[in-house]
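Below you'll find the structure, written out as structure tokens, and then a few comments.
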Amino acid sequence: MEQEKVLEEVTSRHATDQEKAALGLTEKNVPVTQVVRTVTLADGRVVEVAVKVAGGSTILRWTTSLRPKA
């Protein structure tokens, strides 16, 4: 079955204590960026959900092709 779509939801928020420890962040109120990626198949089944948390100063970058498939 072919993957049909990817939804990526990006939010900014304060880091939890556990995230601060894991990311080596030391300030009291540290911003982080969270990306939740959900991949769905053509029949509607979700086959991947991934959560990525990065320090707020991290640059997040991705490319999306706007060309139709040949």
| message | Consider the stretch 43-53. How many of its residues are touching a residue at least 24 places away in the same chain (Cβ under 8 Å) and surrounded by 12 or more Cβ atoms within 10 Å (Cβ to Cβ)? | response | 1
| task | State which residue is farthest from Val10 (Cα to Cα) when the search covers only the stretch 24-38 and only residues that are in a strand (DSSP E or B) and hydrophobic (A, V, I, L, M, F, W, C). | result | Val32
| query | Any residue in the stretch 3-23 that is among the hydroxyl-bearing types (Ser, Thr, Tyr), at pLDDT 90 or above and part of a loop (DSSP other than H, G, I, E, B)? | reply | yes
| said: For the stretch 11-29, give me the residue count where each residue is open to solvent by 70 Å² or more (accessible area, probe 1.4 Å) and in contact (Cβ under 8 Å) with a residue 12 or more places away in the chain. | reply: 5
| query | Only one of these conditions is not met by Leu7: (1) among the hydrophobic types (A, V, I, L, M, F, W, C); (2) surrounded by fewer than 11 Cβ atoms within 10 Å (Cβ to Cβ); (3) within 12 Å of the chain's Cα centre (by Cα). Which number is it? | reply | (2)
| field | Matching residues in the stretch 30-49 - criterion: being under 11 Å from the mean Cα position of the chain (by Cα) and within 16 Å of Glu19 (Cα to Cα) | value | Thr33, Gln34, Val35, Val36
| What is the residue count in the stretch 39-68 for residues that are outside any strand (DSSP E or B), modelled with pLDDT of 85 or more and basic (Lys, Arg)? | 2
| field | the stretch 50-70, residues that are basic (Lys, Arg) and under 12 Å from the mean Cα position of the chain (by Cα) | value | Lys52, Arg61
| Any idea which of (1) open to solvent by 70 Å² or more (accessible area, probe 1.4 Å); (2) in contact with a strand residue (DSSP E or B) (Cβ under 9 Å, 6 or more places away or on another chain); (3) of a type in the set (S, T, N, Q) is the one Thr40 doesn't satisfy? | (1)
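The values are calculated or read from the model by the stated rules, or taken from the named source; none is laboratory data. These numbers were taken from a predicted model, which means no experiment stands behind them. For neighbour counting, all protein chains shown are included, and Cβ atoms are generated from backbone atoms with ideal geometry for every residue, glycine included. For the accessible areas, the whole protein counts, side chains as well, though only heavy atoms, and no ligand, DNA or RNA atoms are used. Shrake-Rupley method; radii C 1.70, N 1.55, O 1.52, S 1.80 Å.
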